[in-house]
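*Asks:* Handing you a structure now.
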Amino acid sequence: MAVAAVSAGGIADHIHPEPQGFVRRYVFSLDHKIIGIQYLITAFVFFMLAGLLAEAIRTQLLNPNGGFVAADTYNEIYSIHGSTMVWLVIIPMLTGGFGNLVFPLQIGARDVAFPWLNMLSFWIFPVSGLMLFSSFLMGAPTAGWMEYPPVSLQGAAGTSMWAAAIFLVGVSSTMTGLNFLVTILKMRAPGMTFTRMPLFVWGQFATAPLLMIATTALAAALAALFINRVFGVPFFDPTKGGSPVMWQHMFWFYSHPAVYIMILPAFGIISEVLPTFARKPIFGYKLIAFSSMAIALTGFMVWAHHMFTSGLAPFLQLPFMIITFVIGVPTGIKIFSWTATLWGGKIHYNTAMLFAIGFVGLFTIGGITGIFLAAIPYDLHVHGTYFIVAHLHYVLVGGSLMGVFAGMYYWFPKMSGRVLNETLGKLHFWLFFIGFNLTFLPMHWLGIEGMPREVATYDPQFAFLNQFASYASYLMTFAILIFFVNVIWSIRNGKRSGPNPWGARTLEWQIPSPPNYYNFKHVPTVYGLPYDFSQPLPYKGLDEELTDAPPVAAGAH
Amino acid sequence: MTAASLPLDSHGNVDQLYIETRELRLQGFLLFLVSDCVLFASFIFAYLYLRNSGQGWPPPGIQRLDVAFAAWNSVVLFGSGATMHYALENFKHGNFMRYMWFLLATIVLGAGFLGGQAYEYTHLIYGEHVTWWGSGIFGASFFTLTGMHGMHVFIGVCYLTVLVLQSAAGVYTRGKFFGITAGTLYWHFVDVIWVVLFSIFYLL
Amino acid sequence: MNAALIERLGAVIAGIVVGVVAFYALYKDWHATGVENQVFKLMLLLLGIGAILALLAGLNVVGFAPKG
C-alpha cells in the first residue's frame with residue numbers, strides 16, 4: 001500500500017492566527033514574547049518590594065541598637081527579602097523573563113513547545129508572590145530564606161504560607177524548565193546544531209534541567225515542612241525522632257543548583273553582550289558552552305558545603321570541599337574566555353557593555369570569595385557571618401542582577417522597538433556600581449571580624465562600617481530608581497531602534513523590533529556560528545523579514 | 001509501519017503537524033515523569049536518612065511491616081502493569097475490543113490495589129501497634145510515601161477511566177493515540193515506583 | 001489455612017504469572033525502536049524484577065513475617 005502524501009507542514013510552517021482582543025493578546029497571552037515581558041514586569045514589581053525590604057534592613061542597621069523596627073519584624077523582613085529576591089525576582093527574570101523573550105527567537109522557533117503550559121507557569125508566579133507577601137499578615141517566617149527547622153517549625157502560620165507559596169512558584173519553575181528543555185531539544189531551526197546555538201541558548205539549556213530536577217526536590221522539602229507544621233508529621237521534629245539537619249540536606253540539594261539557575265542564564269546574557277560590543281567572535285565558544293553543562297552537573301554534588309558547621313561527618317566534608325573547588329574551574333574558564341573576547345576587540349562602551357564588564361569583575365570577586373568559603377577551615381570561621389552576606393550579594397547582585405540589567409539594556413529595543421536612554425543608563429550604571437561596592441565590600445571585613453548575619457542589633461564596634469554600608473545602599477537604591485525612570489521614559493520617548501541597533505548577529509536581531517506575532521515569516525536555515533563578525537550572516541531565508549511580505553502560510557514552501 | 005497506522009488528517013493525508021507535536025508531547029511527558037521521579041526520590045532519601053539516623057529501625061515500639069499481604073497487593077499492581085502493556089499492544093494492532101477489556105482489567109486491578117492499601121492502612125492505624133503519620137518518623141515516612149504513591153495510582157485510575165470513555169467515543173484512531181501511550185507510560189511509572197517502595201519498606 | 005497463607009500463595013502464583021508475562025513482553029519488544037519503546041522496555045524489566053521480589057516475599061525468602 002502506497003504511503004499517503006504529506007499534507008500540512010510541520011510546526012515550523014504552522015502559523016496560528018494572531019488572537020484579537022486585549023485579554024487574549026496581553027493578559028492570557030500564549031505568545032512567548034508577551035509572556036516574557038509579563039514575567040519581567042511582575043518580577044520588577046517584586047524587585048521593588050524586596051528592595052524596600054532591603055532598605056528597611058539597612059535602616060535598622062544604621063544604629064547598633066536597631067530601633068527602626070522590632071526584632072521580630074526585622075527577622076520577618078530579611079526572610080521575605082531573601083525569599084522574594086531568589087524566587088520571585090532573579091529566577092523568574094532570568095528564566096521566565098529573558099528566557100521566554102529571547103531564546104525561542106534565537107533558535108528560530110515560532111514559539112515554545114507548550115505555549116499553554118507557558119501561560120500557566122506565568123500565571124502561577126504572581127499568585128504565589130501574593131501568597132508570599134500575604135504571609136506578613138499572619139506572622140511571616142523568621143528563619144531567613146533557608147527556613148531551618150526548628151525555628152521554622154515554631155513560627156506563626158505565615159511559615160506554612162511561605163512553604164505553600166514557594167512550592168507553587170517551584171511548580172511554575174519546573175514547568176518552565178520542562179517547556180524550555182523540550183523547545184531547545186526539538187524546535188531548533190534547520191541547520192542549528194547544538195554547536196551553532198547562541199550562548200544564551202546554551203545558558204538556558206544548562207539551566208532548564210536544573211529547574212526541572214532541583215526544583216522538584218525543593219517541592220518535596222517544602223511539602224515535608226508544610227505537613228510537619230500543619231499536620232504534625234515529624235520529618236524535622238527532633239522530639240519525635242525527626243531530623244532538622246535533614247531539612248538542610250533537602251533544602252541545599254535544591255538551593256545549591258538554584259545558585260546556578262540564577263547565574264547560568266546571566267552567563268548566557270554576558271556571552272551575547274560581550275562579543276557584540278567588542279565586535280569580535282567570542283573566545284572559546286565550545287568551552288563556554290560545555291563549561292555551563294559542567295557547572296550544571298557538578299552543581300548537584302556540592303550541596304553539603306553549606307553545612308560544614310552542621311555536624312557533617314569529616315569523611316563527607318572533604319569530597320564536598322574538593323568538588324566545590326573543582327566547580328571553580330569551569331567558572332574560571334568562562335571568566336578567561338570573556339576577558340580574551342575583550343582583548344583586542346573594538347569595544348563600544350554602551351550601557352549594556354558596561355554592565356557586562358561590571359558583571360565580569362564583580363562576579364569574579366564573588367566567585368573567589370566562594371572558593372574561600374569552600375575551604376572548610378575558613379568556612380568554620382566565617383559561617384553565618386556578614387562574609388556570607390557579602391559573598392552571596394556579590395554573586396547575586398554583582399553577578400545575576402548586573403546580568404539582568406545588561407540584558408535589559410541589550411534587549412529592550414527588541415521588546416519595545418526603542419532604545420533605553422544612554423545618558424540615564426550610564427548614570428544608572430556608575431551609581432549602581434559604586435553604590436553596590438561601597439555597600440557590600442565592607443561586609444567582608446564585618447564578617448571576618450565576626451558580625452553575625454540575620455541579627456537586628458549588633459556590637460557597637462561594628463557601627464562605622466554598618467553605617468557606611470547603609471548610606472551607600474541608599475545610593476544603590478537611587479541608581480535603581482534612575483533605571484525605572486529610564487524604562488518608563490524610554491517606552492514613550494526613547495530613540496527608535498530599528499531591527500538591529502547594536503549590529504548584533506544572532507537571529508532575534510534579523511527580524512523587526514518588536515517581532516511579529518509569528519516571529520519569522522519563513523523559518524531560516526542556519527549555516528554557522530553567529531559570532532564571526534568578519535563573515536556574512538550565516539542564515540538563509542531571512543530576505544523578506546524586513547519587508548511587508550506576508551508570512552509563509554502553512555504547507556507552502 | 002503501514003499506511004493504516006500513520007496519523008492522517010481529515011483529507012486522508014499524513015498529518016506532519018501531528019507527528020511533530022506528538023514528538024514534543026512525548027518528550028514533555030517523559031520529562032514530567034523524570035521530575036516526578038525526583039519528587040519520590042527526595043522523599044525516599046528522607047526516609048533512608050531518618051531510618052539511619054540512629055535509633056535503629058523500626059523505631060522502638062513499632063513492629064516490622066508484615067510482608068504477606070503487601071506481597072499479594074503488589075502483585076495486583078504489577079499485574080495491572082502487564083494488562084496495561086497488552087492494552088496498548090492490542091490498540092496498536094487494531095484489536096479494539098481486546099484493548100477495551102485489558103484497559104478495564106487495568107482499572108479494576110488498580111482500584112483493587114487502592115482497596116488493599118486502604119485495608120493495610122486501617123490495620124496500621126487501628127491495629128495493635130497504633131501508627132499514624134504524626135506519631136513518629138516511621139509513620140511519617142511510610143504514610144507520606146505510600147500515600148503519595150496511592151495518590152498517583154488514584155490519578156492514574158481516573159486517567160484510565162477517562163481513556164475508556166474517550167475510546168468508546170472514538171477519540172483515538174490507529175494513527176493518533178498519544179493519550180493511550182501517555183497513559184501507559186504513566187501507569188508503568190506508577191508500577192515501577194511501587195517496586196522501589198515495596199523493596200525499601202517491606203524487604204529492606 | 002489462615003489468611004496470611006492464602007495471601008502468600010496468591011503472591012507466589014500471581015508473581016510467577018506476572019513475571020513471565022513481563023519478561024515475555026520484554027522479549028517480544030526487544031527490537032522495538034523509538035523513545036517510548038525504550039522506556040517501556042526499561043519499565044517492563046523493572047516490573048519483572050518487582051514480580052520476582054513479590055514472589056520471593058511470598059516464599060518467605062525476603063521480608064518479614066510474624067510468627068504464627
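Rule-based calculations on the coordinates, nothing more; no lab input. All figures in this text were calculated on a predicted structure; none of them were measured in a lab. Using ideal geometry, Cβ is built from the backbone for each residue, glycine included, and neighbour counts are taken over all protein chains shown.
*Asks:* Work out, in µm²/s and without decimals, the Stokes-Einstein translational diffusion coefficient of the protein assembly as shown at 25 °C, 0.890 mPa s, Rh from Kirkwood over C-alpha pairs. Mind showing how you got there, number by number?
*Replies:* Numbers: Rh = 28.9 Å.
In µm²/s, the coefficient is 85.
*Asks:* In segment A:156-301, with Lys and Arg counted as +1 and Asp and Glu as -1 at Cβ, which of these residues, A:LEU297, A:LEU225, A:THR183, has the Cα nearest the positive end of the dipole, that is, farthest along it?
*Replies:* Farthest along the dipole direction, towards plus: A:THR183.
*Asks:* In sequence order, what are the phi-derived ³J(HN,Hα) couplings for segment B:53-59 according to the Karplus relation 6.51 cos²θ - 1.76 cosθ + 1.60 with θ = phi - 60°, rounded to whole Hz, with x for glycine and proline?
*Replies:* Listing the rounded values in order: 8, x, 8, x, 9, x, x Hz.
*Asks:* Amide H of B:LEU8: which non-local residues (sequence gap of 5 or more, or other chain) have their own amide H closer than 5 Å, using H built in the peptide plane?
*Replies:* HN-HN under 5 Å from B:LEU8: B:ASP15, B:GLY175.
*Asks:* B:SER10 versus A:PHE136, label points 7 Å from Cα toward the beta carbon: distance in nm?
*Replies:* Taking the simple label geometry, B:SER10 and A:PHE136 are separated by 5.4 nm.
*Asks:* Quick check on chain B: what does the Kirkwood estimate of hydrodynamic radius come out to from the alpha carbon pairs, in Å? Can you show the working numbers first?
*Replies:* Numbers: mean 1/r = 0.0531 Å⁻¹.
Answer for chain B: a Kirkwood hydrodynamic radius of 18.8 Å.
*Asks:* Here is a follow-up. Can you tell me the 0 to 90 degree angle between the C-alpha axis of helix C:35-58 and the longest principal axis of chain C, rounded to 10?
*Replies:* Approximately 10 degrees, to the nearest 10.
*Asks:* Taking the Cα centre of segment B:12-203 as origin, sum charge times position over the Cβ atoms of Lys and Arg (+1) and Asp and Glu (-1), and report the length of that vector in debye to the nearest 20. Provide the component values of the computation, followed by the final result.
*Replies:* Numbers: 8 positive and 9 negative charges, 51 e Å.
Rounded to the nearest 20 debye, it is 240 debye.
*Asks:* Also: Among A:94-102, A:517-525, A:311-319, C:38-46, how do they line up from the highest to the lowest mean number of other beta-carbon atoms within 10 Å?
*Replies:* On the way: A:94-102: 28.4, A:517-525: 20.1, A:311-319: 11.1, C:38-46: 18.2.
With the highest mean Cβ count within 10 Å placed first, the list reads A:94-102, A:517-525, C:38-46, A:311-319.
*Asks:* Let me know the volume per residue of the alpha-carbon convex hull for segment A:11-125, in Å³. Kindly include the intermediate steps, with their values, before the conclusion.
*Replies:* Details: hull volume 11.6 nm³, N = 115.
Expressed per residue, the convex hull around the Cα atoms of segment A:11-125 is 101 Å³.
*Asks:* Let me ask another. Determine, for each peptide in B:47-55, A:247-255, B:140-148, the mean count of other beta carbons within 10 angstrom over its residues, then list the peptides with the highest first. Intermediate values should be presented prior to the final figure.
*Replies:* Values: B:47-55: 16.1, A:247-255: 23.2, B:140-148: 21.3.
The packing order, highest mean first, is A:247-255, B:140-148, B:47-55.
*Asks:* I want the local charge near B:GLY139. Using Cβ-Cβ distances under 15 Å, sum +1 for each Lys or Arg and -1 for each Asp or Glu among the other residues. It would help to have the intermediate numbers written out before the result.
*Replies:* Numbers: positive: A:LYS240, B:ARG51, B:ARG64; negative: A:ASP237, B:GLU120, B:GLU128.
Residues close to B:GLY139 contribute a combined charge of 0.
*Asks:* At 7 Å along Cα-to-Cβ for each site, give me the label-to-label distance between A:MET48 and A:MET293 in nm.
*Replies:* 4.2
*Asks:* A further question follows. Enumerate the amide H contacts of A:THR385 below 5 Å, restricted to partners 5 or more residues apart or on another chain; note that Pro and chain-start residues carry no placed amide H.
*Replies:* Long-range HN contacts for A:THR385: A:ARG453.
*Asks:* For segment C:11-58, divide the Cα radius of gyration by the Kirkwood radius and give the resulting Rg/Rh value with two decimals. Each step should come with its number before you reach the end.
*Replies:* Working: Rg = 11.4 Å, Rh = 10.8 Å.
Over the Cα atoms of segment C:11-58, Rg/Rh equals 1.06.
*Asks:* While we're looking at this one, here's another question. May I ask for the angle, rounded to the nearest 10°, between helix B:16-51 and the longest principal axis of chain B, with both axes built from Cα atoms and the value confined to 0 to 90°?
*Replies:* Long axis of B:16-51 versus the principal axis of chain B: about 0 degrees.
*Asks:* Simple spin-label model, 7 Å along Cα-to-Cβ: B:LEU48 to A:ILE434 in nm?
*Replies:* Roughly 5.5 nm, to one decimal.
*Asks:* Still on this model: Average partner chain C-beta neighbours within 10 Å, per residue of A:525-538?
*Replies:* Working: counts 0, 0, 0, 0, 0, 0, 0, 0, 0, 0, 0, 0, 0, 0.
Mean shielding count: 0.
*Asks:* Also, quick follow-up: Show which lysines lie in cross-link reach of C:LYS28 when reach means a straight Cα distance below 22 angstrom and same-chain residues fewer than eight apart are skipped.
*Replies:* Within the straight-line cut-off, C:LYS28 pairs with B:LYS92, C:LYS41.
*Asks:* Please work out the C-alpha center-to-center distance from segment A:93-120 to segment C:1-59 and express it in whole Å.
*Replies:* Answer, in whole Å: 42.
*Asks:* For helix A:463-493, report the angle its Cα long axis makes with the longest principal axis of the Cα atoms of chain A; keep it between 0 and 90° and round to the nearest 10°.
*Replies:* 20
*Asks:* Counting only helical runs of four or more DSSP H residues, what would the 222 nm mean residue ellipticity of the protein assembly as shown come to if each run contributes -39,500 (n - 2.57) and the total is spread over all its residues? Each step should come with its number before you reach the end.
*Replies:* Working: 23 runs with 526 residues, N = 829.
It comes out at -22000 deg cm²/dmol, rounded to the nearest 500.
*Asks:* Could I ask something else about it? Each residue of segment A:374-389 in order: what ³J(HN,Hα) in whole Hz does its phi give by Karplus 6.51 cos²θ - 1.76 cosθ + 1.60, θ = phi - 60°, with x for Gly and Pro?
*Replies:* In residue order, the calculated couplings are 5, 6, 4, x, 5, 4, 4, 6, 9, 4, x, 10, 5, 4, 5, 4 Hz.
*Asks:* B:GLU120: net charge of surrounding residues, Cβ under 13 Å, Lys/Arg +1, Asp/Glu -1, itself excluded?
*Replies:* Every neighbour counted, the sum reads -2.
*Asks:* While we're here: Could you give the distance between the Cα centres of segment A:342-395 and segment A:185-258, to the whole Å?
*Replies:* 24
*Asks:* When the Karplus curve 6.51 cos²θ - 1.76 cosθ + 1.60 is applied with θ = phi - 60°, which whole-Hz ³J(HN,Hα) does each residue of segment A:302-315 get, with x for Gly and Pro?
*Replies:* My calculation for segment A:302-315 gives 10, 4, 6, 5, 7, 10, 4, 9, 9, x, 7, 4, x, 5 Hz in order.
*Asks:* Summarise the partner chain shielding of C:36-48 as one whole number: the mean count of Cβ atoms from other chains within 10 Å of each residue's Cβ.
*Replies:* Values: counts 10, 1, 0, 8, 7, 0, 2, 10, 6, 1, 10, 11, 4.
Mean partner shielding for this stretch: 5.
*Asks:* Please tell me which of these pairs span more than 26 angstrom C-alpha to C-alpha: A:LYS286/A:LYS426; A:LYS186/A:LYS280; A:LYS186/A:LYS521; A:LYS186/A:LYS346; A:LYS286/A:LYS346; A:LYS186/B:LYS176?
*Replies:* A:LYS286/A:LYS426; A:LYS186/A:LYS280; A:LYS186/A:LYS346, as the Cα separations exceed 26 Å there.
*Asks:* List the residues, sorted by chain then number, that are 5 or more residues from A:LYS495 or on another chain and whose placed amide H is less than 5 Å from its amide H.
*Replies:* Under 5 Å from the amide H of A:LYS495 lie the amide H atoms of A:VAL419, each far enough along the sequence or on another chain.
*Asks:* Continuing with the same structure: Peptide B:10-22: average number of partner chain Cβ atoms within 10 Å per residue?
*Replies:* Working: counts 1, 4, 3, 5, 6, 5, 11, 10, 2, 3, 8, 6, 0.
Mean shielding count: 5.
*Asks:* For A:ILE488 and A:HIS381, compute 0.36 nm times the residue count separating them, minus their Cα-Cα distance, and round to one decimal in nm.
*Replies:* Working: separation 107, 0.36 × 107 = 38.52 nm, distance 4.57 nm.
Working it through step by step, the gained length comes to 33.9 nm.
*Asks:* Below 14 angstrom from the Cβ of A:PHE359, what's the summed charge of the other residues (Lys, Arg +1; Asp, Glu -1)?
*Replies:* Details: positive: A:LYS334; negative: A:GLU272.
Once positives and negatives cancel, what remains is 0.
*Asks:* Remind me, relative contact order of chain C in percent, using alpha carbon pairs under 8 angstrom and six or more residues apart?
*Replies:* Numbers: 47 pairs, mean separation 30.8, N = 68.
After rounding, I find 45 percent.
*Asks:* Right, something else. Sorted by average packing, counted as other Cβ atoms within 10 angstrom per residue and highest first, what order do A:341-349, A:301-309 take? Present the calculation step by step, with values, prior to reporting the outcome.
*Replies:* Values: A:341-349: 14.2, A:301-309: 20.2.
Result, highest mean first: A:301-309, A:341-349.
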